Amino acid sequence: MKDKIGRILRLLDEIIIKQLRAYITGFITVGSDDMIETPYGEINSNLVEKVISGAVLIADERYEQINKHEFSIEMDLEFNSNRQLLIAADELITGAASPRNFPKDWDEDIVEHMIGKSHLDRLITAGALIAAEIDRLMAKKQK
């Protein structure tokens with residue numbers, strides 16, 4: 001059992017490293033048609049790579065929110081407890097984002113920066129804001 005878990009973890013590490021490399025270099029590499037055995041059956045590694053790539057971009061954005069911009073879960077618990085993260089995510093997803101539709105207490109420069117992003121980057125940021133809301137709800141539940 002330990003060998004099987006170790007093999008799965010090594011495969012996941014390899015896939016994640018490929019995705020990060022693809023993200024950094026600006027393109028997604030096409031994987032082989034190798035099948036990966038999971039507890040739910042076999043799946044094609046190409047499908048895993050395509051699924052992980054969006055998740056990696058969102059996770060990278062969430063990491064940046066926390067570590068570069070210092071928007072912590074604690075801050076979200078204190079200042080974004082009234083659906084602000086979801087409102088902002090919705091504005092970014094619809095594409096009709098307007099500063100006046102964002103939470104009133106959010107920094108105008110940050111809002112303008114998010115609105116000015118490409119459609120893809122707005123979706124990534126929206127995904128990270130949804131992840132922040134999930135983090136906030138999980139932290140709230142643990143208290």
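Here are the numbers for this structure:
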item	result
Point-to-point label distance, Ser81-Asp109, nm (Cα→Cβ direction, 7 Å offset)	2.9 nm
Sorted peptide list for 73-80, 106-113, criterion being average Cβ within 10 angstrom, highest first	73-80, 106-113
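Here, each number is a calculation from the coordinates, and none is a lab measurement. Keep in mind that this is a model prediction, so the values were computed, not measured. Here Cβ is always computed from backbone atoms with ideal geometry, including for glycine, and neighbour counts include all displayed protein chains.
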